[in-house]
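Novice: Attaching a single structure in C-alpha cells format; questions to follow.
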Amino acid sequence: MKLIETLLSSDFLKFVIPAAGAIIAWFFNEKRKVRWEQLQRKEERYQELLRCIKGFYVESQDREMKRQFIDQINLCWLYAPDAVISKANNFFATIHKSRNPLATDEEKEKALGELILAIREDMLNRHLVTKTSLSYSDWKNFHA
C-alpha cells in the first residue's frame, strides 16, 4: 500500500510525467531524424541516377556514365518503389540494341520521361518503401 501511495503522490508524479513525456518526445524525434536521413539518401541516389542518364544521349554515348547509371538502377532495388523499378526496366527494354524493331527516338524519350516522372512522384510523396510486389523475375541484369 505504501508503494502505491508513493507512486500516486503528487511529488512523484510531477517528476515522472515530464520525464516520460521527454522520453516519448525523444523517441519520436529520433524516428523522424532516421526517416529524414533515409529520404535524403534516396534523393541523393536519384540525383546521381539523373546525372548519369546523360550517357544514353546520342551525342554522348558515354560508356562509363551508362555503367554508373546501371549501377544506380541496381541500387534502386534497395529504396525505390515498384513503379520506379518497373519504369527503369521498361526504359532499358526500349533502348536495348537487340530490340526488333529498334525503338524510335520518340519511344525512347517516352520511356525516359515515364522513368523520370515515376522518380518525381516518389520524391513528392516522401514515403519510404515498406513493401513490394516485385519478384525475382523482375530483376534484370543490364550492361553498358
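Novice: If residue 52 satisfies all but one of (1) over 26 Å from residue 139 (Cβ atoms); (2) modelled with pLDDT under 90; (3) among the hydrophobic types (A, V, I, L, M, F, W, C), what's the number of the condition it fails?
Specialist: Checking residue 52 against (1) over 26 Å from residue 139 (Cβ atoms); (2) modelled with pLDDT under 90; (3) among the hydrophobic types (A, V, I, L, M, F, W, C), the one that fails is (1).
Novice: Run residue 128 past the list (1) assigned to a helix (DSSP H, G or I); (2) touching a residue at least 60 places away in the same chain (Cβ under 8 Å) and report the number of the one that doesn't hold.
Specialist: (1)
Novice: Can you confirm whether the stretch 8-29 contains a residue that is under 30 Å from residue 72 (Cα atoms) and modelled with pLDDT of 90 or more?
Specialist: Residues of the stretch 8-29 under 30 Å from residue 72 (Cα atoms): none.
No, that holds for no residue.
Novice: Any idea which of 87, 66, 97 is of a type outside the set (Val, Ile, Thr) and within 22 Å of residue 130 (Cα to Cα)?
Specialist: Step by step, each of 87, 66, 97 is checked, and only 87 is of a type outside the set (Val, Ile, Thr) and within 22 Å of residue 130 (Cα to Cα).
Novice: Output the residues belonging to the stretch 66-114 that are touching a helix residue (DSSP H, G or I) at 6+ places or on another chain (Cβ under 7 Å) and of a type in the set (Asp, Glu).
Specialist: 107, 114, listed by residue number.
Rundown of residues vs (1) under 21 Å from residue 54 (Cβ atoms); (2) in contact (Cβ under 8 Å) with a residue 60 or more places away in the chain; (3) out of contact with any strand residue (DSSP E or B) (no Cβ under 8 Å at 6 or more places or on another chain); (4) hydroxyl-bearing (Ser, Thr, Tyr), yes/no style:
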site: 93; (1), (2), (3), (4): yes, no, yes, no
site: 96; (1), (2), (3), (4): yes, no, yes, no
site: 99; (1), (2), (3), (4): no, no, yes, no
site: 111; (1), (2), (3), (4): yes, no, yes, no
site: 117; (1), (2), (3), (4): yes, no, yes, no
site: 123; (1), (2), (3), (4): yes, yes, yes, no
site: 132; (1), (2), (3), (4): no, no, yes, yes
site: 137; (1), (2), (3), (4): no, no, yes, yes
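Novice: Given 64, 43, which one is within 16 Å of the chain's Cα centre (by Cα) and surrounded by 10 or more Cβ atoms within 10 Å (Cβ to Cβ)?
Specialist: The match here is 43.
Novice: Go through 107, 114, 121 for me and flag whichever is part of a helix (DSSP H, G or I), of a type in the set (Asp, Glu) and farther than 20 Å from residue 66 by Cα.
Specialist: From the options 107, 114, 121, the qualifying one is 121.
The values are calculated or read from the model by the stated rules, or taken from the named source; none is laboratory data. All values derive from a computational prediction rather than experimental measurement. Every residue, glycine among them, receives a Cβ derived from its backbone with ideal geometry; neighbour counts consider all protein chains shown.
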